[in-house]
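The values are calculated or read from the model by the stated rules, or taken from the named source; none is laboratory data. Treat the numbers as computed from the prediction; the structure is a model and nothing was measured. Because the Cβ atoms are built from the backbone with ideal geometry, glycine has one as well, and the counts that use them run over all protein chains shown. Only protein heavy atoms, including side chains, enter the accessible area calculation; ligands, DNA and RNA are left aside. Shrake-Rupley method; radii C 1.70, N 1.55, O 1.52, S 1.80 Å.
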Amino acid sequence: MRNAFPLLDQWSLLTARGFTTRFSGLWVQNDDPEEVALQLRADPESRLDCDLDTAMRWYEPYSEHEIVWIGPHSPGWTHVLSISGSYLEEHVLSRGGRSVFRVEYDRDVDGLHDLDHFCDGAFVEAIGPMHDGETRPGSVLGEYQAGLEFPGDKRSLSAFLTLVGRITGRFIDQVWLTETRALYRIPDDAWM
C-alpha cells in the first residue's frame with residue numbers, strides 16, 4: 001500500500017454522497033469502534049446502526065450538535081466521520097501511543113485544512129494543502145507520500161485521502177460507503 005493509488009478519486013466519492021460543504025474525518029489506530037465512541041463521550045442511547053446514506057439525513061456541517069458515524073475501517077483502524085458539528089477530540093483518541101489522522105475541508109470557512117497526525121495525546125506533524133514534499137526524518141506522512149501532488153486545491157484533498165488510505169491499508173470505495181456503522185450523538189455538554 002505504500003505507493004498504491006485508489007481506483008476512484010477519493011474526494012469525488014465523498015461529494016457524491018453529499019459532502020459538498022464540509023468534511024471532517026478521523027482515522028484512529030484502534031480496533032474497537034465502541035471504545036472510540038466511549039472516548040468521544042458519545043451517548044450510547046443515541047446509537048443507530050446505519051449506512052452512510054441514512055447517516056447523511058443528519059448532515060448539518062456547522063451545527064452546534066455533534067453527530068458522528070463510527071465504524072471499522074481496516075484491521076487496526078476505526079474511522080470517525082463527522083456528520084453534524086465541527087469539533088472532535090483527536091487528542092483524546094490518540095492517547096496510549098495511538099495514531100490519529102485528521103482530514104478536514106470546509107468550503108465556507110477555511111477551505112482545505114492541513115492533514116494532521118496526532119499520537120499519544122499530542123500533535124506530531126502535518127502536511128499542508130500546498131505541500132512541497134519535504135518532511136522531517138522519521139515522518140510517517142513522508143513515508144507514504146511518493147507520487148502524490150499537493151497543488152493546493154481539491155486535488156490536495158484527494159491526495160490527503162489517498163495518503164491516509166495508504167497508511168491505514170484501505171481506501172474509500174463503494175463498499176466502504178455502503179457499510180453499516182454506528183451513528184451517535186455527542187451530548188452538548190460532553191466536553192465542558
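Run the numbers for residue 86 and residue 20: contour at 0.36 nm per residue of separation, minus the present Cα-Cα distance, in nm. Intermediate values should be presented prior to the final figure.
On the way: separation 66, 0.36 × 66 = 23.76 nm, distance 1.46 nm.
Going from the current span to full extension adds 22.3 nm.
May I ask for the angle, rounded to the nearest 10°, between helix 154-168 and the longest principal axis of the chain, with both axes built from Cα atoms and the value confined to 0 to 90°?
Approximately 80 degrees, to the nearest ten.
Can you sort 119, 50 by solvent-accessible area, 1.4 Å probe, largest first? Before the final figure, lay out each step's value.
Details: 119 40, 50 10 Å².
Putting 119, 50 in descending order of accessible area: 119, 50.
About the Cα centre, and with charges only on the beta carbon of Lys, Arg (+1) and Asp, Glu (-1), how big is the dipole of the chain? Nearest 20 debye, please.
Details: 17 positive and 32 negative charges, 97 e Å.
Here the size comes out at about 460 debye.
Could you please report the charge total around residue 134, scoring K, R as +1 and D, E as -1 over all other residues with beta-carbon less than 15 angstrom from its beta-carbon?
On the way: positive: 136; negative: 114, 125, 132, 143, 149.
In short, -4.
Could you check how much of the accessible area of the chain is carbon and sulfur, as a whole percent, using a 1.4 Å probe? Could the numbers behind the result be given before it?
Numbers: 4390 of 8900 Å².
Solvent-exposed carbon and sulfur of the chain make up 49 percent of the total.
How do the peptides 24-33, 144-153, 77-86, 92-101 rank, highest first, by the average count of neighbouring beta carbon atoms within 10 Å per residue? Walk me through the numbers on the way to the answer.
On the way: 24-33: 21.2, 144-153: 15.2, 77-86: 22.7, 92-101: 19.2.
Peptide ranking by packing, descending: 77-86, 24-33, 92-101, 144-153.
Quick one: order 130, 56, 1 from most to least accessible surface, probe 1.4 Å. Don't jump to the answer; show the numbers that get you there.
Numbers: 130 150, 56 30, 1 100 Å².
Result, largest first: 130, 1, 56.
Using the basic label-point model (7 angstrom from Cα toward the beta carbon), what is the residue 132 to residue 189 distance in nanometres?
5.0 nm
Might you tell me the accessible area per residue for the chain, computed with a 1.4 Å probe and given in Å²?
Details: 8900 Å² over 192 residues.
The answer is 46 Å² per residue.
Which net charge results when you count Lys and Arg as +1 and Asp and Glu as -1 among the other residues whose beta-carbon is under 15 Å from that of residue 38?
On the way: positive: 41, 47, 95, 98, 185; negative: 31, 32, 34, 35, 43, 45, 66, 89.
Value of the local net charge: -3.
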